[in-house]
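Visitor: Sending over a structure as structure tokens; questions will come in a sec.
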Amino acid sequence: MIASFHLARYPAHAAPREMVRSLTQRLSFGRVRGLRFARVLGTGVGSSTGWGADLRRWAVFAAWDSESALDRFLAASSVARHWERADEVWSVRLEPLGAHGAWAGRPLGREWMAAAMAAPVKVDVAPGPVAVLTRAAVRPRHWARFHRAAARLDPQLDGQPGLLARIGVGELPVGRLATMSFWTSGADLDTFVRAQATHRDIVRRTAAEGWYSEELFARFRPYGSWGSWDGVDPLVGQ
């Protein structure tokens, strides 16, 4: 079983249409054979995880029974065909390496993450780049604290050794937020997690103060990327 991440950027004049479509598109996923889990996600401005949204750019994270299920979706679904209207599309396949937590009360589709959930998240399960999904349902009373913390961390992430690309995504503009990031290796990611003081402080505070009602951390091996993200494929050459 695999996952996939898709990022599409549309012309400015199409932003209102795409905002409405983000709501109706969720219904389309209910009819896709071989799909275990899917979320249509808004995106932050640039790589920011703070306030603000880019209404031209939308993302999809999905979990699949098999490679063939994803191939069928890409070949025949109305969702994938609609991406042809975008100015730019980037997609990547993701092999699960490890995870903890849940999304909407389940570990990314029950059996799909069973093996990964049973194993600890490892630094270098396999050589090459890694992708990290972090997702949180922030309790309303902690929204302001969460966003202040994110604003402190954002500028420190830019230029971080080993960081290939990152994006803030979410099911709602506030409260149900996630990030997807891509790193040259698990070791580079682990160095950031252990050595970055602001990040360590945020992790400590979220646990001590109970910021989240639900959270998820999942690590993947990205492969088979195609298209472009801000003009490039961040995984080319990795």
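The values are calculated or read from the model by the stated rules, or taken from the named source; none is laboratory data. Keep in mind it's a predicted model, so treat the numbers as computed, not measured. Using ideal geometry, Cβ is built from the backbone for each residue, glycine included, and neighbour counts are taken over all protein chains shown.
Visitor: Pull up the stretch 41-72, narrow it to residues that are hydrophobic (A, V, I, L, M, F, W, C) and in contact (Cβ under 8 Å) with a residue 60 or more places away in the chain, then point me to the one that is farthest from A178 (Cα to Cα).
Guide: Within the stretch 41-72, the match that is farthest from A178 (Cα to Cα) is L70.
Visitor: Name the residue, out of G227, G210, G231, G175, that is out of contact with any Gly (no Cβ under 6 Å at 6 or more places or on another chain), surrounded by fewer than 17 Cβ atoms within 10 Å (Cβ to Cβ), over 25 Å from E95 (Cβ atoms) and modelled with pLDDT of 90 or more.
Guide: Residue meeting the stated conditions: G231.
Visitor: Against the conditions (1) in a strand (DSSP E or B); (2) under 30 Å from A149 (Cα atoms), where does S47 fall short? Just the number, please.
Guide: (1) is the only condition that S47 fails.
Visitor: Pull out all pairs, ordered by first then second residue, where Cβ-Cβ is under 9 Å, the residues are six or more apart or on different chains, the first lies in the stretch 134-154 and is closer than 11 Å to T206 by Cβ and acidic (D, E), and the second is modelled with pLDDT of 80 or more and surrounded by fewer than 18 Cβ atoms within 10 Å (Cβ to Cβ).
Guide: From residues that are closer than 11 Å to T206 by Cβ and acidic (D, E), there are no pairs.
Visitor: Turning to a different aspect of this structure: Looking only at the stretch 18-32, decide whether some residue is at pLDDT 85 or above and touching an Asp or Glu at 6+ places or on another chain (Cβ under 9 Å).
Guide: no
Visitor: Among the residues of the stretch 124-146, which ones are over 13 Å from Y212 (Cα atoms), surrounded by fewer than 16 Cβ atoms within 10 Å (Cβ to Cβ) and of a type outside the set (A, V, I, L, M, F, W, C)?
Guide: Passing the criteria: D124, P127, G128.
Visitor: Okay, next question. Quick check on my filter: what residues within the stretch 148-161 are crowded, with 18+ Cβ neighbours inside 10 Å and closer than 23 Å to A59 by Cα?
Guide: Across the stretch 148-161, the qualifying residues are A150, D154, L157.
Visitor: Check P234, P161 and return the single one that is in a loop (DSSP other than H, G, I, E, B) and touching a Leu at 6+ places or on another chain (Cβ under 7 Å).
Guide: Just a single option satisfies the conditions, and that option is P234.
Visitor: While we're on this one: Out of all the residues in the stretch 16-28, is one or more assigned to a strand (DSSP E or B) and either acidic (D, E) or in contact with a Gly (Cβ under 6 Å, 6 or more places away or on another chain) (or both)?
Guide: Scanning the stretch 16-28 turns up no residue that is assigned to a strand (DSSP E or B) and either acidic (D, E) or in contact with a Gly (Cβ under 6 Å, 6 or more places away or on another chain) (or both).
Visitor: Since T43 meets every condition but one in (1) among the β-branched types (V, I, T); (2) surrounded by 20 or more Cβ atoms within 10 Å (Cβ to Cβ); (3) modelled with pLDDT under 90, which condition does it not meet?
Guide: T43 satisfies every listed condition except (3).
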